[in-house]
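Read the structure below first, then the notes.
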Amino acid sequence: MPDLRFDLPELRYPDRLNAATRLLDARVEMGEGAKRCIVAPGGVCWSYDDLRVAANRIANVLVETTALEFGNRVLLRAPNSPMLAACWFPF
């Protein structure tokens with residue numbers, strides 16, 4: 001049985017981690033915005049830039065039209081698609 005260690009420095013995360021910043025914005029800032037991020041059936045292919053634009057559009061709609069605030073919870077129910085993935089990132 002391997003010795004599992006969860007106290008390693010590289011496994012420590014802050015109390016609050018913004019996944020959009022770490023997984024999406026950081027890739028765009030590193031110059032990888034044009035790289036493929038999502039490949040879906042039917043030939044649909046989104047880059048990191050495409051995903052970021054869609055996520056920002058969704059965030060604007062949620063904040064401006066529904067008055068959601070940071071910390072509010074939203075239930076996501078949809079078939080697997082690039083747009084569902086974009087819905088995970090706004091906050």
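Nothing in this text is a laboratory measurement; each read-out follows from the coordinates by a stated rule. Source: prediction; values computed, not measured. Cβ coordinates were reconstructed from backbone atoms using ideal geometry, including for glycine residues, and neighbour counts include every protein chain displayed.
Brief remarks follow.
- Per-residue Cβ neighbour rank within 10 angstrom, fewest leading, CYS45, CYS37: CYS45, CYS37
- Once the mean of 1/r is taken over each pair of separate Cα atoms and inverted, the chain shows a Kirkwood hydrodynamic radius of 15.2 Å.
- Loop sites in region 14-91: GluC sites (Glu not before Pro), DSSP, at most 13 other Cβ within 10 Å: GLU69
- For the chain, a crude dipole built from +1 on the beta carbon of Lys and Arg and -1 on the beta carbon of Asp and Glu, taken about the Cα centre, is about 220 debye to the nearest 20.
- Restricting region 1-62 to trypsin sites (Lys or Arg not before Pro) that sit in a DSSP loop and have at most 12 other Cβ atoms within 10 Å of their own Cβ leaves ARG5, ARG12, ARG16, LYS35.
- Considering only ALA78, ALA59, ALA26, the Gaussian network model of the chain with Cα springs below 10 Å gives its largest mean-square fluctuation to ALA78.
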